[in-house]
Every structure is written in structure tokens, then in C-alpha cells.
Amino acid sequence: MRTQVAIIGAGPAGLLLGALLHKAGIDNIIIERQSADYVLGRIRAGILEQGTVNLLHEVGAGQRLAAGGTPHHSIELVFKNQRHSVDVTGLTGGKVVTAYGQTEVTRDLMDARASSGLTTVYEAGDVSIHDFDSAQPKVRFMQDGQQQELACDFIAGCDGFHGVCRASVPKNAIHEFERVYPFGWLGVLADVPPVSPHAIVYGNHERGFSLCSMRSLTRSRYYVQCPMTDKVEQWSDAAFWDELRLRIDPELAEKMVTGPSIEKSIAPLRSFVAEPMRFGSLFLAGDAAHIVPPTGAKGLNLAASDVKYLSDAFIDFYLEKSMAGVDGYSQRALARVWKAERFSWSLTSLLHRFPDTDGFGQKIQEAELDYLVHSSAASTALAENYVGLPL
């Protein structure tokens with residue numbers, strides 16, 4: 001088997017990269033170790049920057065998004081039991097973010113790939129990458145009990161934090177930066193209308209952080225900060241709803257519609273960046289290269305900007321016969337990655353209760369939040385980072 005670009009991972013990053021390359025006439029094959037159903041079953045974030053929305057339309061996968069996505073025009077911040085709105089759209093010259101589940105993004109990209117007749121190998125076993133320090137890299141994997149080898153010009157590692165691509169890089173060739181946060185998010189997905197249909201509600205409270213978001217006008221995703229020692233089994237649905245109500249303002253708590261959870265889980269929070277993002281013929285993108293705490297809703301959007309830069313690099317190589325994009329990919333991507341890391345870290349630090357957050361720390365957070373919502377400069381900085389910095 002041979003292709004121009006071998007893509008490891010059939011999540012949104014790999015699928016979007018494949019679509020962008022196909023549109024430019026560049027051959028690609030995606031190798032995925034899980035089944036298609038497993039990939040679609042992963043519950044992930046669903047807030048899309050305008051740049052990500054534009055990319056989905058560019059590759060012809062935006063029809064359902066246009067019909068079913070819900071624009072968000074504001075952020076609401078709750079502290080000291082009062083709610084304050086930040087007019088994101090007004091502060092950024094009309095930009096919005098759009099609520100649309102990552103599962104739906106993945107489904108749309110899968111369908112577009114299938115309709116184009118492009119090759120995706122699911123349930124590939126023992127995936128390994130070889131000779132990426134040369135001009136003849138290859139991918140080996142098991143399919144139907146037989147070992148296969150895929151020769152290519154480039155390998156795109158879009159296989160997530162625990163994937164084989166970053167793990168295959170020699171330790172002395174990569175520098176990893178990490179911060180693990182001392183708490184988790186207990187998240188509940190429920191078929192209930194969102195408490196605020198056109199805004200995301202962030203809560204800062206002495207009991208801890210909370211977040212009210214939506215997947216659609218009939219499905220909501222809610223979170224509360226919890227110790228990492230907690231187990232999902234400790235939290236009944238009723239206990240979750242009671243705790244969430246305590247951490248938001250009384251008006252929202254009163255009108256919140258509750259219901260049985262469809263999914264309930266506790267997610268750890270970390271900030272992580274691997275540098276560089278290119279190793280010879282191997283390129284990392286998305287969660288394979290970086291993780292952000294979900295507070296800033298940047299994970300999927302960073303993956304989208306990575307693959308936009310990477311597709312540009314490959315297009316330059318094949319169509320313009322230029323190495324400039326390939327050689328500049330890592331630096332270009334990391335510049336945006338670190339700005340998103342900074343934003344996600346700062347929002348996480350501002351809104352959560354840390355083990356050493358005593359009365360003084362809580363008062364400092366409240367003072368910072370008060371300044372943020374009453375200063376047009378601070379509100380604008382929040383808004384422009386939230387909708388996404390320019391590519």
C-alpha cells in the first residue's frame with residue numbers, strides 16, 4: 001500500500017486533515033485502531049470557534065452544523081451569587097462561537113469522507129510507525145489477521161494524547177511541558193433544555209467551580225469541580241443537581257430543568273504541550289501534541305487550527321514544490337497553541353478553588369472577576385480569546 005500522507009487517528013483532527021488534503025487533490029489514508037462506532041461514542045466538548053466552523057464548511061461538512069448549531073453571543077460569569085454577562089459578539093465585531101457536539105462534528109466528517117470514497121482503516125491492530133527520520137516513512141498495522149505496510153511521504157499523528165505517534169519519538173528529541181490540576185470535573189449529560197440557550201455560564205463559588213453549557217436546545221452538559229479522589233458512584237443525579245444549584249445564582253437555580261443523566265463521568269484537568277510538533281517526516285496535531293483544560297473550550301479548536309496549518313504545509317509541498325510550510329509548521333502551530341494554553345490556564349486559575357485557596361485567595365478571585373466584567377478592556381481581552389485568535 002502507498003499514499004502521500006498517512007494519517008494516524010480518525011478523530012476530528014485526522015478526519016478534517018484528510019478532508020482538506022482531499023480537496024487539494026492530495027492522496028491520504030487514515031489508520032484508526034478503534035472501530036467507527038467507538039470513535040463516535042466518545043463524549044467530548046462542543047463549542048466551535050468561527051474558524052473551525054469555516055473549515056467544516058470549506059470541506060463540505062457543514063450542512064448539519066448550519067441547521068443544528070446554536071450560536072453563543074455571550075459568556076455569563078457567576079460570582080458572589082450574582083450573574084454578569086460579557087457580550088462576546090458585541091466586543092469582537094460580531095463574532096460568535098457555536099454549540100455543536102464533537103460527536104456530531106465527527107459524524108459529519110466521517111460521512112463526507114465515506115461519500116468521497118476515501119480509505120479509512122478501522123480496527124487496525126498493533127499500529128506502529130517507522131523510518132520517519134528518513135524520506136521513506138511507513139506505517140505497519142494488522143488488518144484481518146494480516147500485517148500490512150503503508151508507505152508514504154509524510155505521517156500525520158492525529159492519534160490523541162495516548163497514541164503511538166508521540167510515544168515513538170526518541171525522548172531526547174522532544175520536550176514536554178505539563179501542569180496537572182489538583183481537581184477534576186464531574187460532568188453530566190442530560191436531555192434537558194439549557195439553563196441559558198445562548199450563553200455559557202461559568203460559576204466561581206467557595207464550594208468550587210461550575211459550568212452550564214449546551215449541546216443543543218434539548219440537550220445540556222453541566223459540570224461541577226470535585227476532588228480527584230471522588231468516584232462517579234458517589235454522585236447520584238439528585239446530589240449533582242443539588243450541588244450545581246448551590247454554585248450558581250438563585251435565579252438560574254430556580255429555573256434550571258433537571259432530568260436523568262445520559263452520561264456521567266469525572267475528568268482530570270491538565271495543561272500539556274510537546275515541542276516541537278515535527279520530527280522529520282512525522283507531524284503531530286491535536287491532542288497528540290497538546291492538551292488544554294476544558295475551561296476555555298479550546299481543545300477541538302486547537303486541533304482544527306493545527307490541521308489547517310498542516311494542510312497548508314502539505315499543499316505548499318505538493319502543489320508549490322516548497323518546503324517552507326513543512327519547515328515552519330511546528331513554530332507556526334506552537335505560537336497559537338501557547339496562547340490558547342495561556343487563556344485556558346488563566347480561566348482555570350480564576351474560576352476554580354485550589355487546595356491553597358483560602359479566604360484571601362477567594363477574595364482575590366472575586367476582585368479579578370469584578371474587574372473583568374466592569375472593564376471594557378478586560379472584557380474585550382476575554383471575548384477575543386474566547387471566540388478564537390486569528391489563524
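Bear in mind that the values in this text are calculations on the coordinates, not laboratory data. Here the structure is a predicted model, which is why all the values come from computation and not from measurement. Positions of Cβ are generated from backbone atoms using ideal geometry, with glycine treated the same way; all protein chains shown enter the neighbour counts.
So what's the back-of-envelope 222 nm ellipticity for the chain, counting only DSSP H runs of four-plus at -39500 (n - 2.57) apiece and dividing by all residues, rounded to 500?
Values: 13 runs with 148 residues, N = 391.
Roughly -11500 deg cm²/dmol at 222 nm, from the helical runs in the chain.
Using a Förster distance of 51 Å, how high is the FRET efficiency between ASP356 and SER115, based on the Cβ-Cβ distance and rounded to 0.05?
For ASP356 and SER115, the calculated efficiency is 0.45.
Among HIS130, MET228, GLN102, pick out the residue whose Cα is farthest towards the positive end of the charge dipole of the chain, where Lys and Arg carry +1 and Asp and Glu carry -1 on C-beta, about the Cα centre.
About the Cα centre, the residue reaching furthest to the positive side is GLN102.
Among residues other than ILE30 whose Cβ falls under 13 Å from its Cβ, what is the net charge (Lys/Arg +1, Asp/Glu -1)?
-2
Based on the Kirkwood radius over alpha-carbon pairs, what is the Stokes-Einstein translational diffusion coefficient of region 69-191 at 10 °C with 1.306 mPa s viscosity, in µm²/s?
Value of D from the Cα-based Kirkwood radius: 80 µm²/s.
Based on the Cβ-Cβ distance from THR380 to GLN234, what FRET efficiency comes out when R0 is 41 Å, to the nearest 0.05?
0.50
Of the cross-linked pairs LYS23/LYS95; LYS95/LYS308; LYS80/LYS255; LYS264/LYS298; LYS255/LYS363; LYS298/LYS363, which ones have a Cα-Cα span greater than 23 Å in the structure shown? Mind showing how you got there, number by number?
Details: LYS23/LYS95 27 Å; LYS95/LYS308 20 Å; LYS80/LYS255 19 Å; LYS264/LYS298 21 Å; LYS255/LYS363 28 Å; LYS298/LYS363 27 Å.
From the list (LYS23/LYS95; LYS95/LYS308; LYS80/LYS255; LYS264/LYS298; LYS255/LYS363; LYS298/LYS363), the Cα-Cα distance tops 23 Å for LYS23/LYS95; LYS255/LYS363; LYS298/LYS363.
Can you tell me what percent of all Cα-Cα pairs in region 65-125 are more than 17 Å apart?
Summing the P(r) tail past 17 Å for region 65-125 gives 62 percent.
Considering all alpha-carbon pairs of region 251-391, what whole percent are spaced by more than 25 angstrom?
46 percent
When Lys and Arg each count +1 and Asp and Glu each count -1, what net charge do the other residues less than 14 Å away from VAL224, Cβ to Cβ, add up to? Working shown, then result.
On the way: positive: ARG207, ARG221, ARG245, ARG247, LYS264, ARG353; negative: GLU206, ASP230, ASP237, ASP242, GLU243.
Cβ neighbours under 14 Å give a net charge of +1.
Can you work out D for region 4-120 in µm² s⁻¹ from Stokes-Einstein, where Rh is the Kirkwood radius over C-alpha pairs, the temperature is 25 °C and the viscosity is 0.890 mPa s?
Stokes-Einstein gives a translational diffusion coefficient of 157 µm²/s.
Give the dimensionless ratio obtained when the Cα radius of gyration of region 135-220 is divided by 2.2 N^0.38 Å.
1.81
Where the only charges are on Cβ atoms (+1 Lys, Arg; -1 Asp, Glu), what is the dipole of the chain about its Cα centre, to the nearest 20 debye?
Numbers: 36 positive and 45 negative charges, 44 e Å.
Its charge dipole is roughly 220 debye.
Going 7 Å from the Cα of GLU366 in the Cα-to-Cβ direction, what parts of region 55-89 have a backbone nitrogen less than 11 Å from that spot?
Once the point is set 7 Å along Cα→Cβ of GLU366, 79-82 turn out to lie under 11 Å by backbone N, inside region 55-89.
Could you list which residues have their amide H under 5 Å from that of ILE200, counting only those 5 or more apart in sequence or on another chain, with H placed in the peptide plane?
For ILE200, the qualifying residues are SER74, GLU76.
In which sequence would CYS165, CYS158 go, from the one with the fewest C-beta neighbours within 10 Å to the one with the most?
Details: CYS165 25, CYS158 32.
Fewest-to-most Cβ neighbours within 10 Å comes out as CYS165, CYS158.
Please give me the summed charge of the neighbours of CYS158: other residues whose Cβ is under 9 Å from its Cβ, Lys and Arg +1, Asp and Glu -1.
Its environment carries a net charge of -3.
May I ask you to list, by number, the DSSP H helices of the chain whose Cα span along the axis is at least 15 Å and whose average Kyte-Doolittle hydropathy reaches 1.0 or more?
12-23
Any idea how far the Cα center of region 136-212 sits from the one of region 98-125, in Å?
The distance from the Cα centre of region 136-212 to that of region 98-125 comes to 17 Å.
Give the lysines whose C-alpha is closer than 19 Å to that of LYS171, dropping any in the same chain fewer than 8 places away, or say none.
Cα-Cα hits under 19 Å: none found.
Could you give the size of the charge dipole of region 258-391 about its Cα centre, using +1 on the Cβ of each K and R and -1 on the Cβ of each D and E, expressed in debye and rounded to the nearest 20?
Details: 12 positive and 15 negative charges, 31 e Å.
Value, rounded to 20: 160 debye.
What list do you get for ARG42, ARG64 if you sort them by fewest beta carbons within 10 Å?
Working: ARG42 12, ARG64 15.
Starting with the residue having the fewest Cβ neighbours, the order is ARG42, ARG64.
So if R0 is 22 Å, what FRET efficiency would SER346 and ASN172 give, r being the distance between their Cβ atoms, rounded to the nearest 0.05?
Result of the calculation: an efficiency of 0.10.
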